[in-house]
Every structure is written in C-alpha cells, then in structure tokens.
Amino acid sequence: MGRTAKHVIDQERIESIISGRTDIAVETICNIALAKYKSLCTGDLKEKNKFESVQELAEWWASAFVQQDGKCCYCKTSLKLIQKLIDNNLLKTRSVGRDGSGKRGYQFEIERAETETNNYSAANCKLACYYCNNDKSYIFPADDYEKFMAKAKREYFDYLFKQLSND
C-alpha cells in the first residue's frame, strides 16, 4: 500500500489538538493511527471502517485522548500509570504481529462501544486500555462493563501502584 493522501498525517494539526500534553507524543498518535488505518482498509474490517482517512482517524484519536484526559474510557486509569505498571513488570503485555515484536497493553486501543454494527467511527469509538478492551470484548454491553467490571479493574491497578510505591 503506497503513501497516498489517505495515508498522510498533518502532524501540526495533531500537535494543536494535544497542545501542552506531556503524556502522549504526536509521533505516537501518528504511528497508532497509521497502523490502525492500514488494518481497517483490508480484509473483514474494510466494511466496518467509517474513517475516511488516516488524518481523520489521527485527529479523532488525539481528540478522544484529550477528552478522556489520558484515561481509559472504562476503568479511568491513566495511560501513564498503566505504562509504569508494565515497565515495572506488574502488568503483562501480549505479543502480537507476525514476528511477535508488537505489544498490546502499552497504548490505548480503539474500543467499539456499540457491538451490533461494530463500526469504526468517531460516534461509536472510545479509547480503552488493552486490559479493559480485551476483558469487555463482545461479551458485555459498554454500560454494564463500565458499571460493574471496570471499577474492579481500576481498584486492581491502584493496588498494583501501591505495591510499586511501597518498594
């Protein structure tokens, strides 16, 4: 897949959206958006992708990150805390990719809230930590997961953080 206009990101636009935030880098958002957009343009996901370009996806991702204050839409744990827990081997990641070099867990994932259509669109998506996104899967409605399961996940992350703080 060549670099077409659909695969170019205006980094200055992303910078203006996340202006002043130190918990996420423009390059990180661009890399996440480009990888996700490419996967949304192939195979079974192609029909579910409602983002018109990687720029639209990157802007949505940056805006969602700011709106959610850098926290998972479900457990409300900050990305920085999750990364710290991973870096200190208190949370495990999952290897992905053909060569296993990719890791799920270190960045937020796109969570599709409404599971009937399962479309990737700004109206249907939020940012979730890997742990909530994987746990919720297609099993729980978003509202029920947030109400019943996410609280326990947040308490567990807080418990791990306290262990880290006591060391």
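Things to note:
- Inspection of the range 15-35 identifies no residue that is of a type outside the set (Asp, Glu), in contact with a Leu (Cβ under 7 Å, 6 or more places away or on another chain), touching a residue at least 60 places away in the same chain (Cβ under 8 Å) and surrounded by 13 or more Cβ atoms within 10 Å (Cβ to Cβ).
- Looking across the range 88-106 at every residue that is over 18 Å from LYS153 (Cβ atoms) and small (Gly, Ala, Ser), the one that is modelled with the highest pLDDT is identified as SER95.
- Residue ID - surrounded by the fewest Cβ atoms within 10 Å (Cβ to Cβ), chosen from residues in the range 113-132 that are more than 13 Å from CYS73 (Cα to Cα) and among the small types (Gly, Ala, Ser): ALA123
- Residues located in the range 116-135, provided they are outside any loop (DSSP other than H, G, I, E, B), farther than 16 Å from VAL54 by Cα and not aliphatic (A, V, I, L, M): LYS126, TYR130, TYR131, CYS132, ASN133, ASN134, ASP135
- Subset of the range 3-52 [of a type in the set (S, T, N, Q), within 16 Å of GLN107 (Cα to Cα) and not in a loop (DSSP other than H, G, I, E, B)]: THR28, ASN31
The values are calculated or read from the model by the stated rules, or taken from the named source; none is laboratory data. These figures come from a predicted structure and were not determined experimentally. As a convention, Cβ positions derive from the backbone with ideal geometry for all residues, glycine included, and neighbour counts pool all protein chains shown.
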